[in-house]
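Every read-out reported here was derived from the displayed coordinates using simple, explicitly stated rules and does not represent laboratory data. Please read all numbers here as calculations on a predicted model, not as lab measurements. Here Cβ is always computed from backbone atoms with ideal geometry, including for glycine, and neighbour counts include all displayed protein chains.
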Amino acid sequence: MNFAPTRAALAALALALGTALPAYAHGDSHATAPQHGGVLAQAADMEYELVAQPGRITLYLSDHGQPAKTEGASAKLTLLNGSEKTEATLAPAGAGTLEAQGAFKVAPGAKVVALVTLPGRKAANVRFVLK
């Protein structure tokens, strides 16, 4: 009896499982529920939560569940509400937080696009739809 094909198939299966299981064990540490009552999005291996209020827009950034370093970071935000377009620049406002204050027309269905720049990283384009 020749067991060479069976042995080769078992070796291939063991190799496939050996490389897949560590990735599965790593898990998905991305947030699945808003921590601050906002809207969630993911881009460039980061999680973003946007909290939009009429007088303030806050963007929370986390990296694998931990607040991202926002020192030296910035974001340019465009709020599209119907035919109205409002732009704002967000600045660091604490650990993992960028914020802008002003008069913002926020309503369910409004679209928000944020271009987030973190030191040492490529700029991330993050999109939200307000609820």
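Only aspartates and glutamates eight or more places from residue 105 in sequence, or on another chain, were considered; those with a Cα closer than 12 Å are 84, 87. Placing +1 on the Cβ of every Lys and Arg and -1 on the Cβ of every Asp and Glu, with no other charges, gives the stretch 39-129 a dipole of roughly 240 debye about its Cα centre. In this rough spin-label picture, where each label sits 7 Å from Cα along the Cβ direction, the residue 117-residue 69 distance is 1.8 nm.
Taking the fewest neighbouring Cβ atoms within 10 Å as the starting point, the ordered list for 45, 63 is 45, 63.
Fewest Cβ neighbours within 10 Å first, please rank 47, 71, 99, 87 accordingly.
Going from sparsest to densest Cβ surroundings: 71, 87, 99, 47.
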